[in-house]
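This report concerns only the one structure given below.
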Amino acid sequence: MFMDNYYQSAKHRAWRGKVLRRDKYLCQRCLRYGRKTPATHAHHIKERLEFPELQYVVENGQALCAACHNRIHPEKGAGGKWKQ
């Protein structure tokens, strides 16, 4: 599936919403350092392309702010072709 179609799919949007709600819309990496930063991205802990069976498992997701997500995936950051 083309990346843009994946991120716009109802299944992905539902998974993303569940991950963000579970993590109270706070970046989980920033929280480790005592910072309460709003999360805007749902990150797959185990890459969905390598573990497609886990792509909609909420426990495989982590709420992250854009800065933390871009550190993990610079190819998806500003100007990248994959957006959430």
Counting only residues that are closer than 19 Å to I72 by Cα, in a loop (DSSP other than H, G, I, E, B) and open to solvent by less than 70 Å² (accessible area, probe 1.4 Å), how many does the range 12-50 have? 7
G77: passes all of (1) open to solvent by 40 Å² or more (accessible area, probe 1.4 Å); (2) at pLDDT below 95 but (1)
Residues of the range 48-68 satisfying the condition of being touching a helix residue (DSSP H, G or I) at 6+ places or on another chain (Cβ under 8 Å) and modelled with pLDDT under 95: R48
Being open to solvent by 50 Å² or more (accessible area, probe 1.4 Å) and either farther than 22 Å from Y6 by Cβ or under 11 Å from the mean Cα position of the chain (by Cα) (or both) is the filter here, so list the residues in the range 51-69 that pass it. A67
Every pair of residues 6+ apart whose Cβ atoms lie under 6 Å, when the first sits in the range 17-31 and is modelled with pLDDT of 95 or more while the second is assigned to a helix (DSSP H, G or I): K18/V58; V19/V58; C27/C68; R29/C68
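The values are calculated or read from the model by the stated rules, or taken from the named source; none is laboratory data. Keep in mind it's a predicted model, so treat the numbers as computed, not measured. Here Cβ is always computed from backbone atoms with ideal geometry, including for glycine, and neighbour counts include all displayed protein chains. Note: areas computed on protein heavy atoms with side chains; ligands, DNA, RNA excluded. Shrake-Rupley method; radii C 1.70, N 1.55, O 1.52, S 1.80 Å.
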